[in-house]
Amino acid sequence: MELTLPVNTSDDASGPGRLQIRADDRSLTPYAGLAITGELVRGLGLVGLVDGELGAVRGVAPVKQRARGLSAGALAVSIAECQLTGAECFDDIEDVRADHAGAPLRAVACTPSAPTARQLARRFERGHIEAIERAAARAGERLDRELGRDLSEVVTIDLDATETEVYGHAKQGAARSHTGALAYSSYVATWAQRGRALTSELRGGNEARIAAADSAAIVARARRLLPAGHGQVTVRGDSGFYAVALMNGLREQGTRFTFSAPRTSTMWRALGQIAQDAWADAVQMSAAQVAEQAFTPAGWKHEPLRLIVRRVPVSAAEIRAGSPKARRRSTIPADQLQMVLDGKLASTFAYSFIVTDIPAAEKTSTMVEYFHRQRAQIEERFKDAKLGQALRHLPSGDANANRLWLTCALLALNITALLCDISPAAAASGNAPDDTPLRRHAKALRRLMICVPARIVRTGRQIIVRLPAGFRHADTFRNTYQAAYALPGP
């Protein structure tokens, strides 16, 4: 016999069991931490900056023709605000929209409906996206000035791409990646010293490698978003960006570079020219060694470059234990690999190659290798954007809407970075390299201070946010809010 339990759809009537479940407390918010990000966004004038930049865009139709309702800038910031709470698609925006108690705390009180956000998102063209990026950069610069940072310091731009698989019906602009999945490729340039995304580009999943001219254009856009008077710019990238045409283009921009180089026959021949006594111990990498060789690739129009080589010992047991298709095998010279497999060698070396134009007078080969190794920071930003923010999913069938979603996800990522900048209590503990910004990941910040329930009490002209008794991060919550509130405003 099938057991059917009565369903109580009324907020007032009691149901079976010892509990009554009601959703009728209009003073409760599940997102009390949006009070913190709201103050931060207001203190930096982000919505006004976005609207100002969007209003200055020429050559494309405005996102909105009528002034009523949310402005285009408020829409973009509101989407990012929803993503901070964990929104992964446009429909999730309705969760924040339904939070009436928390509306006065948010940067954008009138959260748009999902259909409105979805419809307007389709109108954001490339020019509008670049306007949002300019506004985000100006907001970051405002905070840097408030924190007394040296705006003339050197800048490192990390360039990389991440794949976002999509599901369901075919989406405009998506394509099959090398794995066969229907996906997009998100190209992002980040400012390593700040941990903030500068600019991005959305391509089909089949474009795991873009043309050198396109890469140079991304770097040029990123450079334009840096503060006036910034120091020397250096770009770091993996072997997917290695191209002499790109290096020539960066030289024309006055940008230095370090790129991982593919393990080609040219690289293996250059390795053979390195003397055995030229190897030096790598910085903070056990058993690894580094050496250097002058290198002039075909088509390079300037002085010889530096080829930095790193080698890491690997045992025969490690090689045999791995798959025959393992990436590690491609890092070992073919003759050495065969000798290991034949049992003639008990160990050998795995090699990595880096090409750079950083002068030797500024950085030794070991320091260049260490500097380039830190480009893994962008992988942390991608992990944060995909697992902590909303980049794991691009929710629309429209390419423009997906490009806006990507931009808002990076804007949300930048807001969490700014949050950690103003409050050491919100930042991660200091076990990272010296030049790595301290921060907790977005998921941790969401648990610590964003998705925190609270009762909103109004008394006189004051609003009281009452957190749960015993909430162990209350001091961090309070201190971070006070740091955001202390910003002088635009």
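Within the stretch 49-71, residues that are farther than 18 Å from Glu133 by Cα sit with their Cβ atoms under 6 Å from residues that are surrounded by 15 or more Cβ atoms within 10 Å (Cβ to Cβ), at 6+ positions apart or across chains, in these pairs: Lys64/Ala72; Leu70/Pro112.
Please specify each residue of the stretch 135-170 satisfying the condition of being small (Gly, Ala, Ser) and either on the phi > 0 side of the Ramachandran plot or surrounded by 15 or more Cβ atoms within 10 Å (Cβ to Cβ) (or both). Ala135, Ala136, Ala137, Ala139, Gly140, Gly148, Ala161, Gly168, listed by residue number.
Of all the residues that make up the stretch 198-210, how many are among the hydrophobic types (A, V, I, L, M, F, W, C) and either within 19 Å of Phe124 (Cα to Cα) or modelled with pLDDT of 95 or more (or both)? Please lay out each step first, then the result.
In the first step, residues of the stretch 198-210 are kept if they are among the hydrophobic types (A, V, I, L, M, F, W, C); the result is 198, 202, 208, 210.
Okay, now just the ones that are also either within 19 Å of Phe124 (Cα to Cα) or modelled with pLDDT of 95 or more (or both), so 198, 202.
So the count comes out to 2.
Where helices (runs of 4 or more DSSP H) sit wholly within the stretch 286-354, those with at least 3 residues that are charged (D, E, K, R) occupy 327-330.
Considered as a group, the residues in the stretch 174-196 that are in contact with a Leu (Cβ under 7 Å, 6 or more places away or on another chain) and not hydrophobic (A, V, I, L, M, F, W, C) include one that is nearest to Leu225 (Cα to Cα), and that residue is Thr190. Taking residues in the stretch 272-285 that are under 14 Å from Val368 (Cβ atoms), and partners anywhere that are of a type in the set (Val, Ile, Thr) and outside any helix (DSSP H, G or I), the pairs with Cβ atoms closer than 9 Å and at least 6 places apart or on different chains are Ala280/Val290; Ala280/Thr364; Ala282/Val290; Ala282/Val312; Val283/Val290; Met285/Val312.
Residues are listed down the side, and each one gets a yes or a no for (1) touching a strand residue (DSSP E or B) at 6+ places or on another chain (Cβ under 6 Å); (2) within 30 Å of Ile274 (Cα to Cα); (3) of a type in the set (D, E, K, R):
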| residue | (1), (2), (3) |
| --- | --- |
| Leu337 | no, yes, no |
| Leu341 | no, yes, no |
| Ser352 | yes, yes, no |
| Asp384 | no, no, yes |
| Asn400 | no, no, no |
| Leu404 | no, no, no |
| Ala412 | no, no, no |
| Pro424 | no, no, no |
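Checking the condition in contact (Cβ under 8 Å) with a residue 40 or more places away in the chain, of a type in the set (A, V, I, L, M, F, W, C) and under 25 Å from Arg142 (Cβ atoms), which residue from Ala197, Ala245, Ala208 passes?
Details: Ala245 fails: under 25 Å from Arg142 (Cβ atoms); Ala208 fails: under 25 Å from Arg142 (Cβ atoms).
Within the list Ala197, Ala245, Ala208, the selection yields Ala197.
Within the stretch 352-361, one or more residues are among the charged types (D, E, K, R) and either buried (at least 19 other Cβ atoms within 10 Å of the Cβ) or in contact (Cβ under 8 Å) with a residue 40 or more places away in the chain (or both).
Of the residues examined, Arg329 is not one that is surrounded by 13 or more Cβ atoms within 10 Å (Cβ to Cβ) and touching an Asp or Glu at 6+ places or on another chain (Cβ under 9 Å).
The values are calculated or read from the model by the stated rules, or taken from the named source; none is laboratory data. Keep in mind the model is a prediction, meaning the values are calculated, not measured. Cβ: placed from backbone, ideal geometry, glycine included. Neighbour counts: every protein chain shown.
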